[in-house]
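Q: After the structure tokens below, expect a handful of questions from me.
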Amino acid sequence: MTLPNFIVIGAAKAGTTALYWYLAEHPAVFMSAIKETNYFAYGVDADGRLLYGDPEHHAFPVKTLAEYEQLFAEAGQARAIGEASPIYLECPQAAQRIRERVPAARLVCALRHPVERAYSDYLMFLRSRGRRFDPGTDLSPAAVWARPDSHWMRVSRYAESLQRYLDRFPRDQLHVLLFDDLKRAPVEAVQAVYRFLEVDPGFVPDLETPHNIGGIPASRTLERFLTSRSLRAAVQPWMPTRAVNWVRRVRTRNLRSAPPLPAELKRELVERFRDDISRTSELIGRSLEHWL
């Protein structure tokens, strides 16, 4: 039985996606073919209802231990064996489930500015549903995503979620990097993760191919085709890396930069996160003043 010895637990989806591919490129690392297995977040009650998750936001492609183990069957002699599921940070049950199944696993967490993360995830939600972005509505305090109780705002509060992991795992089993690090100094940020996983930190991944793609699609039809879950699941395992990278570049050309958040709106939303940012800073031992 082969199970992962490290897990990327979240929280920034864009950063997690990029990190998944940078890890997969390393010759000593094996990553599950399915990104976002979400296995440790899956659970149902006696009536078959999800204990955590919303079909509007989450999919659970791997539901049984046998299916999960099969993802790592070809890991061979890889020194680091892992998967990446951003939902694990927000899911209340995931930390304990990981602790019970793989207690020695190393955990990697990529955090993004909470307001930027909420806005980015909302744009991703619109893209995945083929819905149109409306600046008049979506850039106002009344926007669905900006409401205090919205899914996007709730999951962008990190302190309580991080505390669940720190209550169950030694601090030295958790590596936290900031999305800011990946943007500012990607090689150094990724090599720090390699070092944490005890694989060759001198390896330099391909930083030219876009992975953390965001924005608004020029063609929603093309976006739906390129991001189809069923198509990706059927084709991606058989596609050579060069072909997969070509698809990513095509998708990048179809995306336009989203309008920036109005400064006043961002200031208002940041204030809602002030206490959580302070608590998160204490937990990870890094200043987050630049988020305020």
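Q: Could you list, in sequence order, all residues of segment 149-184 that are of a type in the set (D, E, K, R) and either modelled with pLDDT under 95 or not in a loop (DSSP other than H, G, I, E, B) (or both)?
A: Of everything in segment 149-184, those that are of a type in the set (D, E, K, R) and either modelled with pLDDT under 95 or not in a loop (DSSP other than H, G, I, E, B) (or both) turn out to be Asp149, Arg154, Glu160, Arg164, Arg171, Asp172, Asp180, Asp181, Lys183, Arg184.
Q: Next question. Go through segment 192-213 and give me each residue that's assigned to a helix (DSSP H, G or I) and surrounded by fewer than 19 Cβ atoms within 10 Å (Cβ to Cβ).
A: Ala192, Arg195
Q: I'd like to check something: does segment 80-99 contain any residue that is touching a strand residue (DSSP E or B) at 6+ places or on another chain (Cβ under 9 Å) and open to solvent by 50 Å² or more (accessible area, probe 1.4 Å)?
A: The answer is no, given that none of the residues of segment 80-99 is touching a strand residue (DSSP E or B) at 6+ places or on another chain (Cβ under 9 Å) and open to solvent by 50 Å² or more (accessible area, probe 1.4 Å).
Q: Suppose the filter is open to solvent by 10 Å² or more (accessible area, probe 1.4 Å), within 21 Å of the chain's Cα centre (by Cα) and among the acidic types (Asp, Glu); does Glu116 pass it?
A: So Glu116 fits the description; yes.
The values are calculated or read from the model by the stated rules, or taken from the named source; none is laboratory data. The model shown is predicted, which means the values in this text are computed figures rather than measured ones. Note: ideal-geometry Cβ built from the backbone for every residue, glycine included; neighbour counts use all protein chains shown. Keep in mind that these areas ignore ligands, DNA and RNA; they rest on the heavy atoms of the full protein, side chains included. Shrake-Rupley method; radii C 1.70, N 1.55, O 1.52, S 1.80 Å.
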